[in-house]
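The values are calculated or read from the model by the stated rules, or taken from the named source; none is laboratory data. In this text the structure is predicted, and so the values were computed from the model without any measurement. All Cβ positions, glycine included, derive from the backbone under ideal geometry; neighbour counts span all protein chains shown. Heavy atoms of the whole protein, side chains included, go into the accessibility calculation; ligands, DNA and RNA do not. Shrake-Rupley method; radii C 1.70, N 1.55, O 1.52, S 1.80 Å.
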Amino acid sequence: MKKNIEDIYVEYFDLVYKYLYCLTQNSDLAEELTQDTFFKAIMNINTFKNQSKISTWLCKIAKNLYFDELRKKKKISDTSDDIFDYINIDESIENKFISNEEHSELNKKIDSLDDMTKKVIYLHIYDDLTFKEIGKMLR
């Protein structure tokens with residue numbers, strides 16, 4: 001099922017904004033770059049080939065816009081070798097950020113389940129128990 005851009009905007013706006021805020025530490029700049037990110041995504045939606053998550057694609061657009069902003073402000077130069085180290089570090093941060101957001105969403109969904117189901121899931125995921133062990137424990 002293909003999502004339209006409005007659904008993508010609603011679903012991922014907060015994620016992209018928080019990611020950019022972590023990079024910029026400036027709410028106004030993060031807001032501006034978030035809007036630019038979605039504008040660029042709309043203009044290039046035909047290039048998204050479902051080879052990655054939409055959130056990853058959007059964060060890559062956001063990161064590139066952030067680097068463009070840094071270049072404009074002369075905080076980094078276009079020829080600097082340091083940018084490559086920064087990009088690698090940033091990709092790690094990007095993956096951790098997305099992972100933390102997904103982890104948070106998963107916990108919210110688990111918390112909405114009934115107590116027994118919640119207990120089984122937590123024992124399996126966090127205590128690394130097999131379902132057989134959990135079954136014996138909960139009898």
Please go through (1) assigned to a helix (DSSP H, G or I); (2) under 14 Å from the mean Cα position of the chain (by Cα); (3) at pLDDT below 90 for Ser52 and return the number of the only condition it doesn't satisfy.
(1)
Which of the residues spanning the stretch 112-130 are surrounded by fewer than 10 Cβ atoms within 10 Å (Cβ to Cβ) and at pLDDT 75 or above?
Ser112, Asp114, Asp115, Met116
Keeping to the stretch 3-34, report how many residues are open to solvent by 60 Å² or more (accessible area, probe 1.4 Å), modelled with pLDDT of 85 or more, farther than 19 Å from Lys72 by Cα and not charged (D, E, K, R).
3
Among the β-branched types (Val, Ile, Thr), under 28 Å from Asn4 (Cβ atoms), at pLDDT 70 or above and surrounded by 15 or more Cβ atoms within 10 Å (Cβ to Cβ): does that describe Thr37?
yes
